Amino acid sequence: MAQQQRAIKTRAAILEAAASVFDQYGYDAATISEILARSEVTKGALYFHFPSKEDLARGVLSDQTRDLVTGPTDSKVQELIDVTMVVAHRSLHNMILRAGTRLAVEQGSVDFSDVSPFPVWSGLSEELLLQAKERGELLPYVKPRETAELVVGAWTGIHVYSRVVADRRDVERRVSVMWEHLLPSMVMPRLLLGLDVAYDRGARVEAARRIAAEGAEAAEAADGTEPDAER
């Protein structure tokens, strides 16, 4: 078990280092030697987990779409907003997300379309919008698939633009502005005032998730240490 945990930590360290290099230089200019230097692992350990630079990039892209679901709310539109705001918040410090976005839009020497995050993001967005439509949250003419693709396209463009002009520092505000413009053409008017699109929404959702996770861990620990009442 300890060996397995070490392998998981080594893989994570390699991906984090690779992501920082891909984010800084792009795929084609990134080098294995720089990734090795930043990961502080042996060449053997790196090649054990990732036989090539291409495998490293695919690993970053695959990990980028993990853990996207933010938790239930009273509104499926709010859940979609929360996904985009959480990703925006994480992109300020999560190197996998930062590099994954660059790799996904970069037209380099390798085609990564088979591990592109766009189908995953679009699929999740469409599913939430379909549920929102069933619950009467959307205007009658809204088409979930087309709207999902619009949201993902706008959201991706904002991340790229913010990276270029502000090193992502304003990405949360820009995603908030995106929703302020999109929602009136998507959502029933009676719901508009109840939707939270504040720029700090992602940070608040993440904080609530951490508190819930810590509470669950504490409860599990307590269950494991309490004496058996039957003995």
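For segment 4-43, enumerate the residues that are of a type in the set (Val, Ile, Thr), over 17 Å from residue 99 (Cβ atoms) and either part of a helix (DSSP H, G or I) or in contact with a Ser or Thr (Cβ under 9 Å, 6 or more places away or on another chain) (or both). Give the steps one after another, and end with the answer.
Filtering segment 4-43 down to residues of a type in the set (Val, Ile, Thr) leaves 8, 10, 14, 21, 31-32, 35, 41-42.
With over 17 Å from residue 99 (Cβ atoms) added as a condition, the list becomes 8, 10, 41-42.
Residues satisfying the conditions are 8, 10, 41.
Can you find a residue in segment 83-102 that is more than 26 Å from residue 186 (Cβ to Cβ), buried (at least 22 other Cβ atoms within 10 Å of the Cβ) and out of contact with any Leu (no Cβ under 8 Å at 6 or more places or on another chain)?
yes
Could you check residue 177 against (1) among the aliphatic types (A, V, I, L, M); (2) open to solvent by less than 30 Å² (accessible area, probe 1.4 Å); (3) closer than 30 Å to residue 22 by Cα and say which number it fails?
Every condition holds for residue 177 apart from (2).
With 55, 63, 74, 111 as the choices, which residue is open to solvent by 50 Å² or more (accessible area, probe 1.4 Å) and under 18 Å from residue 9 (Cα atoms)?
Answer to the check: 55.
Condition check ((1) assigned to a helix (DSSP H, G or I); (2) modelled with pLDDT under 95) across all residues:
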position	(1), (2)
45	yes, yes
74	no, yes
110	no, yes
121	yes, yes
125	yes, no
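Here are the criteria: (1) at pLDDT 95 or above; (2) open to solvent by less than 60 Å² (accessible area, probe 1.4 Å); (3) among the aromatic types (Phe, Trp, Tyr). Tell me which single one residue 199 does not satisfy.
With (1) at pLDDT 95 or above; (2) open to solvent by less than 60 Å² (accessible area, probe 1.4 Å); (3) among the aromatic types (Phe, Trp, Tyr) applied to residue 199, the lone miss is (2).
What tally of residues in segment 157-171 results from selecting those that are among the β-branched types (Val, Ile, Thr) and either touching a helix residue (DSSP H, G or I) at 6+ places or on another chain (Cβ under 8 Å) or on the phi > 0 side of the Ramachandran plot (or both)?
Number of matching residues: 3.
The values are calculated or read from the model by the stated rules, or taken from the named source; none is laboratory data. Being a predicted model, the structure only gives us computed values, none of them experimental. FYI the Cβ positions are ideal-geometry reconstructions off the backbone, even for glycines, and counts take in every protein chain you see. Accessible surface areas use protein heavy atoms only, side chains included; no ligands, DNA or RNA. Shrake-Rupley method; radii C 1.70, N 1.55, O 1.52, S 1.80 Å.
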